[in-house]
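The values are calculated or read from the model by the stated rules, or taken from the named source; none is laboratory data. In this text, all values refer to a predicted model and were calculated from it rather than measured experimentally. Because the Cβ atoms are built from the backbone with ideal geometry, glycine has one as well, and the counts that use them run over all protein chains shown. Note: accessible area is taken over every heavy atom of the protein model, side chains too, but ligands, DNA and RNA are not part of it. Shrake-Rupley method; radii C 1.70, N 1.55, O 1.52, S 1.80 Å.
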Amino acid sequence: MRPFDYVRPAEASSAVATVAGDPGAAYIGGGTNLVDHMKLGIAAPTSLVDVRGLLSDRVEETPEGVLRVGAAVPNSDLAAHPEVRRRFPVLSQALLSGASGQLRNVATTGGNLLQRTRCVYFQNRAMPCNKREPGTGCAAVEGYGRYNAVLGTSEHCVATHPSDMAVALTALGARVRVLGPEGERTVDLPGLHRLPGDRPERDTVLEHGELITAVELPRLPLARRSAYRKVRDRASYAFALVSVAAALEVVEGTVTDVRVAFGGLAHAPWRALRAEEVLRGRAATEESFREAAEAELAGARTGPDNAFKVPLAVNTLAATLRGLTAEEARR
Amino acid sequence: MEATITLRVDGEKHELTVDTRTTLLDALRDRLGVTSPKKGCDHGQCGACTVLVEGRRVLSCLTFAVAQEEAEVTTAAGLAGEGELHPVARAFVDNDGFQCGYCTPGQVCSAVGMLREAAEGWPSHVSGDLEGPVRLDDEEIRERMSGNLCRCGAYANIVAAIREAAE
């Protein structure tokens, strides 16, 4: 591991100034992803700026009814927060389906959004990877492809985004507050995470030095009836093959409003706008659910190892919406 | 680069100078001789290094010692009282919740942290109702302990031990 300086500034503005002014500097929050990457040699910062102590670790409601989540709120606390459980069950469920109890206790809200792909070639320095070392090629395209993306891929990268939380936040249309050297700005989800294109080394639209300070959840009554469903190779403590975050409103058998996002399919959490469009105004039936999912997956590009993701995504969305419809009917 | 830090471990205060690259796990084991947290994978995948920081279970291999300045760290060894085992450790012994024992200190710390989470009403991935009371049946225990691997496969007895300790 490369030697590094460790600093803990008292103010966010001085943390931003430090990182923005030093290409070798990196923020560290919980560190559950970054420390591992430093051990693996994937990341080699020369200076670590610890921001846990200067970012909010509280969930607060604004007068406009927006739930503001400080970037340092641990994943476990966010999942257990009473207002999140009540108003955004999809978010609690997504968080609880990710990692382990120990990791959720440390991993932060901001860091979860910025965690990097678990593509096995990205994590192995012996292999070429355009995300880790631009221009070296992509070993995953021709290699072990079970976890590869099927939507929005490029010839340069087929990695998937690993976060469950980000999939729920993308369905909910959360806003990310960012502090940079020029001041504050807001980035909407989806919109934070990029598709790989010809710059797969860039996971997000954030510039070096920009710091996530909070995530805001706008009022969304629809989300009270929402769920996260994750399919993986073992029952717990594994990344998604496919996941679905959905919120659904059904009135007299007709879908009046719906939000859908997929995980495990793309370089970014995938908001399924086409599926939502198909569903609005349609009967809440198995047939509609499948048609909507198939419309979203129509552009999928697959290889022999990950072709299963397309029917799996269709089945998973249908099952999630079926569950939400049944929940609605019981009320 | 070096830094001088204070670590509070199992009720004792230690001042030490560490290379900033030292993880909490390595500081505990190699610098302070506190060997109850074990190094398994060293990548946050096995749970053998689990300790309690401010009462919360965390992985000591995935945090730098410099980031734990002044934090209260409790290892499995520190859970024991005067001449007697912590009730969770006692339950592991009574239920044969191990074979080789290498993962056990991490399992015990994780179980202690988990029982506190459950007591606070935190739901899990397998909880049917996010807002309902927590009932620690075997399915809940297994899910909540999924971050601790046991390569001997003593899971059945680990679950029994934790079930007993929870009662």
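For segment A:5-88, list the strands (runs of 3 or more DSSP E) that sit wholly inside it and hold at least 1 residues that are open to solvent by less than 30 Å² (accessible area, probe 1.4 Å) and out of contact with any Leu (no Cβ under 7 Å at 6 or more places or on another chain); which are they? If you could, list the steps in order and put the result at the bottom.
Details: elements: A:5-7, A:25-28, A:47-50, A:59-61, A:67-70.
Result: A:25-28, A:47-50.
Of all residues in segment B:60-70, how many are part of a loop (DSSP other than H, G, I, E, B) and modelled with pLDDT of 95 or more?
Residues in segment B:60-70 being part of a loop (DSSP other than H, G, I, E, B) and modelled with pLDDT of 95 or more: 1 in total.
What's the number of the only condition in (1) surrounded by fewer than 22 Cβ atoms within 10 Å (Cβ to Cβ); (2) within 14 Å of chain A (Cβ to nearest Cβ); (3) more than 17 Å from the chain's Cα centre (by Cα) that B:GLY55 fails to meet?
If we test B:GLY55 against (1) surrounded by fewer than 22 Cβ atoms within 10 Å (Cβ to Cβ); (2) within 14 Å of chain A (Cβ to nearest Cβ); (3) more than 17 Å from the chain's Cα centre (by Cα), just (3) comes out false.
Looking at B:PHE92, B:PHE98, which one is in the same structural domain as B:ALA154 (by TED's automatic domain parsing), modelled with pLDDT of 95 or more and closer than 15 Å to B:CYS46 by Cβ? Before the answer, list the steps.
Values: B:PHE92 fails: closer than 15 Å to B:CYS46 by Cβ.
Residue meeting the stated conditions: B:PHE98.
Going by the conditions given, is A:SER92 under 28 Å from B:ASN148 (Cβ atoms), in contact with a Phe, Trp or Tyr (Cβ under 7 Å, 6 or more places away or on another chain) and surrounded by 24 or more Cβ atoms within 10 Å (Cβ to Cβ)?
Working: under 28 Å from B:ASN148 (Cβ atoms): yes; in contact with a Phe, Trp or Tyr (Cβ under 7 Å, 6 or more places away or on another chain): no; surrounded by 24 or more Cβ atoms within 10 Å (Cβ to Cβ): yes.
In short, no.
Taking A:ALA318 as meeting all but one of (1) open to solvent by 50 Å² or more (accessible area, probe 1.4 Å); (2) touching a residue at least 12 places away in the same chain (Cβ under 8 Å); (3) not basic (Lys, Arg), write down the number of the exception.
Condition not satisfied by A:ALA318: (1).
Consider B:GLY47 carefully, then state whether it is under 15 Å from the mean Cα position of the chain (by Cα), more than 16 Å from B:ARG8 (Cα to Cα) and in the same structural domain as B:SER146 (by TED's automatic domain parsing). So that I can check it myself, show each step before the final result.
Details: under 15 Å from the mean Cα position of the chain (by Cα): yes; more than 16 Å from B:ARG8 (Cα to Cα): yes; in the same structural domain as B:SER146 (by TED's automatic domain parsing): no.
Criteria not met by B:GLY47.
Residue check, B:GLU131 against (1) more than 10 Å from every other protein chain (Cβ to nearest Cβ); (2) part of a loop (DSSP other than H, G, I, E, B), all met but one. Which one?
Only one criterion in (1) more than 10 Å from every other protein chain (Cβ to nearest Cβ); (2) part of a loop (DSSP other than H, G, I, E, B) is unmet by B:GLU131, namely (1).
All but one of (1) away from chain A (no Cβ under 14 Å); (2) closer than 30 Å to B:ARG151 by Cβ; (3) modelled with pLDDT of 95 or more; (4) over 12 Å from the mean Cα position of the chain (by Cα) hold for B:GLY78, so report the exception by its number.
(4)
Looking at (1) without any contact (Cβ under 8 Å) to a residue 24 or more places away in the chain; (2) assigned to a helix (DSSP H, G or I), which one does A:ALA293 not meet, given that it meets all the others?
(1)
Of everything in segment B:1-52 that's assigned to a loop (DSSP other than H, G, I, E, B), open to solvent by 10 Å² or more (accessible area, probe 1.4 Å) and polar (S, T, N, Q), which residue is farthest from the other protein chains (Cβ to nearest Cβ)?
Ranking the candidates gives B:THR35 first.
List the residue pairs whose Cβ atoms are under 7 Å apart, where the first residue sits in segment A:74-93 and is facing another protein chain (nearest Cβ under 8 Å), the second is of a type in the set (Val, Ile, Thr), and the two are 6 or more positions apart or on different chains.
These pairs meet every condition: A:SER92/A:VAL84.
Residues being open to solvent by 30 Å² or more (accessible area, probe 1.4 Å) and on the phi > 0 side of the Ramachandran plot: count how many of those fall in segment A:104-144.
Selection size over segment A:104-144: 1.
Tell me whether segment B:113-124 contains one or more residues that are within 11 Å of chain A (Cβ to nearest Cβ), closer than 16 Å to B:LEU52 by Cβ and hydroxyl-bearing (Ser, Thr, Tyr).
Checking segment B:113-124: not a single residue is within 11 Å of chain A (Cβ to nearest Cβ), closer than 16 Å to B:LEU52 by Cβ and hydroxyl-bearing (Ser, Thr, Tyr).
Specify the residue that is nearest to the other protein chains (Cβ to nearest Cβ); the eligible residues are those in segment B:87-110 that are assigned to a loop (DSSP other than H, G, I, E, B) and closer than 22 Å to B:LYS39 by Cβ.
Looking only at segment B:87-110, we keep the residues that are assigned to a loop (DSSP other than H, G, I, E, B), and these are B:95-103.
From the residues that got through so far, the ones that are closer than 22 Å to B:LYS39 by Cβ too are B:97-103.
Details: B:GLY97: 18, B:PHE98: 19, B:GLN99: 21, B:CYS100: 21, B:GLY101: 20, B:TYR102: 17, B:CYS103: 13 Å.
Result: B:CYS103.
Quick one: B:ALA71 ticks every box in (1) aliphatic (A, V, I, L, M); (2) surrounded by 20 or more Cβ atoms within 10 Å (Cβ to Cβ); (3) within 14 Å of another protein chain (Cβ to nearest Cβ) bar one, so which box is it?
The single condition B:ALA71 does not satisfy is (2).
For A:ALA99, all conditions in the list (1) closer than 19 Å to A:ALA245 by Cα; (2) outside any loop (DSSP other than H, G, I, E, B); (3) open to solvent by 10 Å² or more (accessible area, probe 1.4 Å) hold save one; what is the number of the exception?
(2)
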